[in-house]
1. Could you please let me know if residue A:68 is in contact with a helix residue (DSSP H, G or I) (Cβ under 7 Å, 6 or more places away or on another chain) and either away from DNA strand B (no atom under 16 Å from the Cβ) or in a loop (DSSP other than H, G, I, E, B) (or both)?
2. For segment A:81-112, which positions are under 12 Å from residue A:175 (Cβ atoms) and either away from DNA strand B (no atom under 14 Å from the Cβ) or surrounded by fewer than 18 Cβ atoms within 10 Å (Cβ to Cβ) (or both)?
3. Filter segment A:37-59 down to the residues that are touching a strand residue (DSSP E or B) at 6+ places or on another chain (Cβ under 8 Å), in a loop (DSSP other than H, G, I, E, B) and more than 27 Å from residue A:90 (Cα to Cα) and list them by number.
4. Say we look at segment A:131-148 and pick out the residues that are under 14 Å from residue A:182 (Cα atoms) and in contact with a strand residue (DSSP E or B) (Cβ under 7 Å, 6 or more places away or on another chain); which of these is surrounded by the most Cβ atoms within 10 Å (Cβ to Cβ)?
5. Please specify each residue of segment A:1-49 satisfying the condition of being away from DNA strand B (no atom under 16 Å from the Cβ) and closer than 20 Å to residue A:145 by Cα.
6. Which numbered condition in (1) in contact (Cβ under 8 Å) with a residue 24 or more places away in the chain; (2) assigned to a loop (DSSP other than H, G, I, E, B) is the only one that residue A:123 fails?
7. I'm checking my understanding of the structure. Among residues of segment A:140-177 that are within 16 Å of the chain's Cα centre (by Cα) and more than 12 Å from DNA strand B (Cβ to nearest atom), which one is nearest to residue A:108 (Cα to Cα)?
DNA sequence: ATGGCCCGTAGAACGGGA
């Protein structure tokens, strides 16, 4: 089973690229962030024609998350969750769905703008509540994937210029310690389960030829619970969509995982 | 040194992103 996450920076603009990527890569489940669409504008019909179903939670202009899955992927998914009940929030940043015993979360962690700012404070509070919520989910669903744009580069090797970014937003110690705390609940960073090329990133600034110069950060992650981790076969970041005309500034991260029924029988 | 791009909402610039 192939599971992926992608911050598309407007699904309206990126829809053709998303559909193309889904089909080309035979993706089973795709978590989206920054759809920037109200729910009545979500392109359910276009996706259905491409062979994908979706749940989504959006708002005007900002944020917005979704989970897409290939039609006919096992039984109909259920147990939809929108938002964190522990953190009332107008901003649409969380959605989750169960596929059999497997629960998948699509998360769009706040950016934080600048260390010490009001938005930074909101980011830290959001992450604290997120940790509690994820802990609850893990109790209920030991097979758990928490996918999304974390807006955190966990380590210096996830940063093109660690000195320049030292202590800055996305790299500050309070953010990184919260990412570590999430892992300590019982998760692995799927990307780090495997040997990876150095300087592999998932986001590059639109400005200053950021992508061409590979001045990027790895801030999009697939966290897999310890029960699932042994069954992850590969995890990669696909740079190809970032090369497209009118790309998202993020690249998709994907992994292959042994399907649930094989997990159970092993 | 500064800001440099892209998106949505606008219906001109601006907030937000990271």
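1. Details: in contact with a helix residue (DSSP H, G or I) (Cβ under 7 Å, 6 or more places away or on another chain): yes; either away from DNA strand B (no atom under 16 Å from the Cβ) or in a loop (DSSP other than H, G, I, E, B) (or both): yes.
Answer is yes for this residue.
2. Residues of segment A:81-112 under 12 Å from residue A:175 (Cβ atoms): A:109-112.
Within segment A:81-112, A:111 is the sole residue that qualifies.
3. Across segment A:37-59, the qualifying residue is only A:51.
4. A:147
5. Listed by number, the residues that qualify are A:1, A:2, A:3, A:4, A:22, A:25, A:26, A:27, A:28, A:29, A:30.
6. Answer for residue A:123: the failing condition is (2).
7. So the residue we want is A:147.
Residue-by-condition table, conditions (1) at pLDDT 95 or above; (2) away from DNA strand B (no atom under 16 Å from the Cβ); (3) buried (at least 21 other Cβ atoms within 10 Å of the Cβ):
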| residue | (1), (2), (3) |
| --- | --- |
| A:188 | yes, yes, no |
| A:199 | yes, no, no |
| A:210 | yes, no, no |
| A:230 | yes, yes, no |
| A:243 | yes, no, no |
| A:252 | yes, no, yes |
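The values are calculated or read from the model by the stated rules, or taken from the named source; none is laboratory data. Only a predicted model underlies this, so the values are computations on that prediction, with no experimental measurement involved. Glycine gets a Cβ as well: all are built from the backbone with ideal geometry, and neighbour counts include every protein chain shown.
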